[in-house]
Every structure is written in structure tokens, then in C-alpha cells.
Amino acid sequence: MAGYFSGVGKIRYEGPQSKNPLAFKFYNPEAVVAGRTMREQLRFAASFWHTFCSEGGDMFGDGTRDVSFGGKTPMEVAKNRIYAAFEFMSKLGIEYFCFHDRDIAPEGESLAEFWANLDEVVPLIKEQMKKTGVKLLWGTANLFSHPRYVHGAGTAASADVFAYAAAQIKKALDITIELGGSGYVFWGGREGYETLLNTDMGFELDNLARLLHMAVDYARGKGYRGDFYIEPKPKEPTKHQYDYDAATVLAFLRKYDLVDEFRLNIEANHATLAQHSFQHELRVARINGVFGSIDANQGDMLLGWDTDQFPTDVYNTTHCMLEVLRAGGFRNGGLNFDAKIRRASMNPRDLFVAYIAGMDAFALGLRIADRIIRDGRVDQFVADRYASFRTGIGAEIVSGSATLESLADYALRLGRVEEKNSGGQEYLESVINSLMFSGI
Ligand code: XUL
Ligand code: CO
């Protein structure tokens, strides 16, 4: 096979001094950080849709990239794309990939045709996985692009559309299981509303829960042991999406008795669209025991939409990796680059450079997060801040032995109560800067 990226060889670690754009400066897969190799800690994945399918257009302009990979028919394109994808991932040392059903095969004219197309490409993917050692992080069904999903999929007003969505999920689960995927994602791109005037919100949410229960029952029945994820996003494409943010999804999972089966796939740009930090969304997931996986990207704070840029902001990757390490690391999840090169970055080489930039940014984030934990000043500050809850009346509050009356008696004896402890924000931020830049 000629190779679709023949101008680029295997990407290697050359260290921070390297000026080679096609080398890692910080991601050294075999280096051990926090007890595991970087490769094991970071579990990088490539997104099929942005990386190998997107032509790079925007709402005002046509695509700037040719992603036909020399194919003349839709099936030829699909097959060539698979070879190209595995070549790309192998060259970068990316160990996982993620896909939507529509990314890997053309939909054709009917569901039966779509399934036949999928059945033709899946063995090819399997063969390439075996050959390269690249594994499946998660699969999903695209239940948002086709016009049939204009009113939603699991929350559609039409039972036929709901059934069609169920069929797509069934097949995407079959493929995920067949390929040994460690996760399956639900991102509800059209599960929301444009106006409440035409929407029975309670009924739509009940239906969404019905669909998720069916998916869990089906996959578990087939022996699937991986994770199920919901990926929160507040808006875009719909005005309001039901999976608004981590806290909203948690309330939904708890209400519908799904919380034991689902974890969250947190995406950085979705967090900021919800007016939260990436760190906040990860924290909410972690403290509630539902942290699962990450869609690694970053938004532009001056734009109100999902720009899906490659993550290069090291503060963000540091805060992210702090949450990941504190969650005990990834279990079945990983860092999926749900990120696209800018429309003007149209050369195949730009794709490598973008992945290298993202992988290096997370390698730095991992190293700095580990340093912050080992340094201990931040943790010590937080522990000291709550020290009054470890003894005396504080310990009674925590143990549950205090009551409103006992606290009132206690408070009456205190006299004047003043809070004298600084929040220390500037101190903590300067500690992080000194740990980040101490080598300069
Ligand atoms: C859209 C998005 C999706 C999901 C998978 O914003 O993030 O690509 O990650 O459907
Ligand atoms: Co995503």
C-alpha cells in the first residue's frame, strides 16, 4: 500500500529543545509519570469524523481539504479512509479511535443498505486494528445529521423516528462490541428543543430514558462490559439540549435509575459553552463518581459556538489532568481529540502538527499535575482550609451527631465570629506558575 501520508514518517519524541514540527517535545510515551507510562495515563484517541471525514468547511465557506483518499465511489472513499486513518494513527502512536456509524460507511438509500455497507467495512477495520494494535475507545451512532432527526432521535415527536434511532444504536452497539470497544457514547445533538411551545418536555425525557435503558439491556445481554457515556452539551445544534451540563445529566441519570450504568464523557468546549470551566465539569463528574472519558479540545472564549480547536492551553490541560489523576486515572476512557484543524490549516501535515500540539499539551498537563500533587502545597492549603471540621464541633457536624439545637448552643457561647482565613487564590495560582515554569 502506497500510504496516504507518505510525506510524513513515524513521529518520535525529541524533547523540549527540538525545533522539528513533526516531533513530540513533551509526549514521551514510555516515560513514567505518576506510576504509569504517559501512554497509559493519557490514552489518546483520534476522532474519525473531524480527522478523516471533515472537508473543513464552515457555514459560509466550502471545504478546503480533500478527504476522498483517492476513492471514486462512496464505498471506495470509506475503505480508503480506513487505511488512511490507521496509517495516520500508527505514525503518531495514537492507540485508540472513536467513530460514529456514519463516519465509517455511507448511509445509502435505506437502513438495510447502510447495514450492508457497515458489514463490508467492519472486517477491514478489524483487520487494520489487528495489524496496527490500535484499539477502539468508543463507538456511537450519528443521530443528528440526517434530516429525519430534525425534531430529535430519542426525543423525537415521531415513533418511527424513535424506532429508526433505536435501530442505528443497535447496529452501532453490535459494531462496538465486535471491535472490542471499551465505551459507547450518547451525545444528544438533537435531543432538545427550539421552542417549548411545541414540546412535551417530560414525555421527551421519559422517552430518552426508555431508549437508554433499551440500549443498556441490549448491550449487557450481548455480554458488553465496557462503559456507557453521556456527553453533556448545552446548545448547538439545538437552542437547548437536555444533556446541558454534568449536573443536569446527573439529575437525569438519577431520576431514571441509569446512574449505575452511565458515566460522563466531558468535552472541554462543551463545558465553556455551558459557562463552566472544563475543570468544573470534570470536578462535578469526579466527585459524583461518574467521571468516564474526555473529548479533548478547546473553544475560543470570544466566540459563542463550538470551535473544537486542538487543545494547546496548558493551564487547561493541567487542571484537566489534575482531575484525572485524582479520579485514579482513566479506567475505560481516554483523551479523544474531538478537535478539528482550522479551515486555513488545509495541508495533511497540519493534521500531524495539530495532533502533536494537542498530545504535547496534555503531556505537559500530566507532568505539571503530577508535580502539583507531589509538591503538596495546594493540597495542604485545601486540607488546612477545612481543618476546623476535623476536631471539636466540626467533627460533630461531619459525623452527624450535631443538631441545629446543639450548634445554636455552641454558637451562643462563641461571642463574635469572624472569618480570618484568606482564600489564598493568588498564592495558589502563583504556586502553580512556579511549578509550571520552574525550569526557566
Ligand atoms: C459534538 C460532539 C460529538 C460527540 C459525538 O459537539 O462533541 O462529536 O463527541 O457524537
Ligand atoms: Co465530543
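Within region 2-25, track down each residue that is open to solvent by 70 Å² or more (accessible area, probe 1.4 Å) and not aliphatic (A, V, I, L, M).
Tyr4, Ser6, Gly7, Lys10, Arg12, Tyr13, Glu14, Pro16, Gln17, Lys19
Examine region 250-258 for a residue that is within 16 Å of ligand 1 (Cβ to nearest atom) and either of a type in the set (Asp, Glu) or under 21 Å from the mean Cα position of the chain (by Cα) (or both), and state whether such a residue exists.
For region 250-258, residues within 16 Å of ligand 1 (Cβ to nearest atom) and either of a type in the set (Asp, Glu) or under 21 Å from the mean Cα position of the chain (by Cα) (or both): absent.
Is it true that some residue in region 256-268 is away from ligand 2 (no atom under 13 Å from the Cβ), within 21 Å of Pro311 (Cβ to Cβ), modelled with pLDDT of 95 or more and assigned to a helix (DSSP H, G or I)?
no
Of Leu428, Leu407, which residue is open to solvent by less than 80 Å² (accessible area, probe 1.4 Å) and farther than 30 Å from Ile373 by Cα?
On inspection, the qualifying residue turns out to be Leu407.
Yes or no: Leu92 among the aliphatic types (A, V, I, L, M) and open to solvent by 20 Å² or more (accessible area, probe 1.4 Å)?
Working: among the aliphatic types (A, V, I, L, M): yes; open to solvent by 20 Å² or more (accessible area, probe 1.4 Å): no.
No.
Criterion first (open to solvent by 50 Å² or more (accessible area, probe 1.4 Å) and either more than 24 Å from the chain's Cα centre (by Cα) or not assigned by the TED database to the domain that holds Trp138 (or both)) does Ala167 satisfy it?
no
Only residues that are open to solvent by 50 Å² or more (accessible area, probe 1.4 Å), of a type in the set (Ser, Thr, Tyr) and farther than 26 Å from Asn297 by Cβ: list them for region 196-251, please.
Tyr218
Only one of Asp62, Asp101 is open to solvent by 60 Å² or more (accessible area, probe 1.4 Å) and either in contact with a helix residue (DSSP H, G or I) (Cβ under 8 Å, 6 or more places away or on another chain) or under 26 Å from Asp306 (Cβ atoms) (or both). Can you tell me which?
Working: Asp101 fails: open to solvent by 60 Å² or more (accessible area, probe 1.4 Å).
Residue meeting the stated conditions: Asp62.
Residues of region 311-349 being open to solvent by less than 70 Å² (accessible area, probe 1.4 Å), over 23 Å from Glu261 (Cα atoms) and of a type in the set (Phe, Trp, Tyr), which ones?
Within region 311-349, Phe337 is the sole residue that qualifies.
With (1) away from ligand 1 (no atom under 16 Å from the Cβ); (2) touching a His at 6+ places or on another chain (Cβ under 9 Å) as the list, and Asp306 as the residue in question, which single condition is left unmet?
(1)
Against the condition touching a Cys at 6+ places or on another chain (Cβ under 8 Å) and closer than 19 Å to Ala369 by Cα, how does Leu325 come out, does it pass? Even if it seems obvious, please write down each step before you answer.
Details: touching a Cys at 6+ places or on another chain (Cβ under 8 Å): no; closer than 19 Å to Ala369 by Cα: yes.
Taking the combined requirement at face value, the residue does not satisfy it.
Would you mind finding the one in Lys25, Lys19 that is modelled with pLDDT of 95 or more and within 26 Å of Asp295 (Cβ to Cβ)? Spell out the reasoning first.
Values: Lys19 fails: within 26 Å of Asp295 (Cβ to Cβ).
Checking each option against the conditions leaves just Lys25.
If you go through region 221-239 one residue at a time, how many are free of Cβ contacts under 8 Å to residues at least 40 places away in the same chain and either within 16 Å of ligand 1 (Cβ to nearest atom) or of a type in the set (Lys, Arg) (or both)? Can you show your working first?
Of all residues in region 221-239, those free of Cβ contacts under 8 Å to residues at least 40 places away in the same chain come to 221, 225.
Filter again for either within 16 Å of ligand 1 (Cβ to nearest atom) or of a type in the set (Lys, Arg) (or both), leaving 225.
The qualifying residues number 1.
Restricting to region 363-383, and then to whatever is in contact with a strand residue (DSSP E or B) (Cβ under 8 Å, 6 or more places away or on another chain) and open to solvent by 10 Å² or more (accessible area, probe 1.4 Å), can you tell me which residue is nearest to Gly35 (Cα to Cα)?
Of all residues in region 363-383, those in contact with a strand residue (DSSP E or B) (Cβ under 8 Å, 6 or more places away or on another chain) come to 363, 366-367, 370.
Cutting the leftovers down to open to solvent by 10 Å² or more (accessible area, probe 1.4 Å) gives us 367, 370.
On the way: Arg367: 12, Asp370: 10 Å.
This residue is Asp370.
What residue, of Ala23, Ala46, Ala84, Ala31, is free of Cβ contacts under 8 Å to residues at least 40 places away in the same chain, touching a helix residue (DSSP H, G or I) at 6+ places or on another chain (Cβ under 9 Å) and not basic (Lys, Arg)?
Exactly one residue qualifies, and that residue is Ala31.
Within region 269-298, which residues are assigned to a loop (DSSP other than H, G, I, E, B), under 16 Å from Asp243 (Cβ atoms) and either within 13 Å of ligand 1 (Cβ to nearest atom) or open to solvent by less than 60 Å² (accessible area, probe 1.4 Å) (or both)?
Those that are assigned to a loop (DSSP other than H, G, I, E, B), under 16 Å from Asp243 (Cβ atoms) and either within 13 Å of ligand 1 (Cβ to nearest atom) or open to solvent by less than 60 Å² (accessible area, probe 1.4 Å) (or both): Ala274, His276, Asn288, Val290.
Ala31 is checked against (1) under 26 Å from Phe144 (Cα atoms); (2) modelled with pLDDT of 95 or more and fails just one. What number does that condition carry?
(1)
Would you check which residues across region 132-164 are β-branched (Val, Ile, Thr), surrounded by 23 or more Cβ atoms within 10 Å (Cβ to Cβ) and over 11 Å from Asp101 (Cβ atoms) and list them?
Thr155
The values are calculated or read from the model by the stated rules, or taken from the named source; none is laboratory data. From a predicted model like this one, the values you see are computed outputs, not experimental measurements. Reconstructed Cβ throughout: ideal geometry from the backbone, glycine too, with neighbour counts over all protein chains shown. When the accessible area is computed, the model is the full protein with side chains, heavy atoms only, and any ligands, DNA or RNA have been set aside. Shrake-Rupley method; radii C 1.70, N 1.55, O 1.52, S 1.80 Å.
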